[in-house]
Amino acid sequence: MRQSIDIHFVNALTSYWEFTTTTVVYPSDKSLEYVTLGLISEINEFANDSFALLIKHQDGVLEVEESVLDLERTKLLLELGDILYYLSRLCIHLGYHSVEGFLVNAQNYLDSVSTKSLEESDFFTTYMALNFASGTLAGLIKKYVRGDSNYQDLSLLQVFCESYLFIMFLIIDELAYDLNSDLKTVMDENTNKLTKRKNAGTIQGDGDFR
């Protein structure tokens, strides 16, 4: 993981999770369904914005033409922030009441072969990993929502989902790195954006720059 999981990061993510709670505008009885759909929707928007980039691959490195770099990079980082928002809300609604609780098994995931391979993947391969992980999460949550016998307990669903949740944080971290940024900056920019929207009363609107 490009972002060090140290006390500073834990404190920053804790503050971010607490902040997201102040922005909730969806019904509590549909929270899992809402944030799951929001997560999938934002990942799709990230893909759509990626097509606007003039991209070429060289040794697995993302290269962007200077004429489109600034605006499109900003848009993609904003979309990453929205993905991070819904992922964080999903963690909370799955029963992680603290960042420390979520990160308790972090080292196991960091040491895994699939995690280490992320840093060797190109931009689109990394995005496809994000797409796969979110689809798997959606499938697990669907089984819980419809009441499948093996998925009726929220704490058990948390266990099923944990590895996919964590790897999605790693993927956001890696995509941010590919875009010359980092996870902490994505978190801060999303906080700034949502704070402005909340103050302006446009948090339920549409558009990247409202």
Practice prompt. State all residues of segment 182-198 that are of a type outside the set (A, V, I, L, M, F, W, C) and either open to solvent by less than 50 Å² (accessible area, probe 1.4 Å) or in a helix (DSSP H, G or I) (or both); if no residue qualifies, say none.
Written response: Lys184, Thr185, Asp188, Glu189, Asn190, Thr191, Asn192, Lys193, Thr195, Lys196, Arg197, Lys198
Worksheet item: What number goes with the only condition from (1) modelled with pLDDT of 95 or more; (2) farther than 23 Å from Ser181 by Cβ; (3) in contact with a Ser or Thr (Cβ under 9 Å, 6 or more places away or on another chain); (4) not basic (Lys, Arg) that Ser88 does not pass?
Response: (2)
Fill in: segment 1-45, residues that are under 29 Å from Lys116 (Cα atoms), open to solvent by 50 Å² or more (accessible area, probe 1.4 Å) and of a type outside the set (S, T, N, Q)
Met1, Arg2, Ile5, Asp6, Ile7, His8, Leu37, Ile40, Glu45
Worksheet item: Of the residues that make up segment 54-72, is at least one in a helix (DSSP H, G or I), at pLDDT 85 or above and either open to solvent by less than 40 Å² (accessible area, probe 1.4 Å) or within 28 Å of Lys196 (Cα to Cα) (or both)?
Response: no
Practice prompt. Might you check whether a residue that is open to solvent by less than 30 Å² (accessible area, probe 1.4 Å), part of a helix (DSSP H, G or I) and hydroxyl-bearing (Ser, Thr, Tyr) occurs anywhere in segment 147-156?
Written response: no
Item to complete: Being over 16 Å from the mean Cα position of the chain (by Cα), outside any loop (DSSP other than H, G, I, E, B) and closer than 16 Å to Leu87 by Cα is the filter here, so list the residues in segment 22-32 that pass it.
Response: Lys30, Ser31
Item to complete: Assess whether Thr136 counts as being surrounded by 14 or more Cβ atoms within 10 Å (Cβ to Cβ), over 23 Å from Asp182 (Cβ atoms) and free of Cβ contacts under 8 Å to residues at least 60 places away in the same chain.
Response: yes
Worksheet, complete the sentence: The correct count of residues that are under 15 Å from the mean Cα position of the chain (by Cα) and without any contact (Cβ under 8 Å) to a residue 12 or more places away in the chain in segment 101-133 is 2
Worksheet item: Of all residues in segment 143-173, which are more than 13 Å from Gly95 (Cβ to Cβ) and touching a residue at least 40 places away in the same chain (Cβ under 8 Å)?
Response: Val145, Ser163, Phe166, Ile167, Met168, Phe169, Leu170, Ile171, Ile172, Asp173
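The values are calculated or read from the model by the stated rules, or taken from the named source; none is laboratory data. Keep in mind it's a predicted model, so treat the numbers as computed, not measured. Reconstructed Cβ throughout: ideal geometry from the backbone, glycine too, with neighbour counts over all protein chains shown. Surface areas here come from the heavy atoms of the whole protein model, side chains and all, with no ligands, DNA or RNA. Shrake-Rupley method; radii C 1.70, N 1.55, O 1.52, S 1.80 Å.
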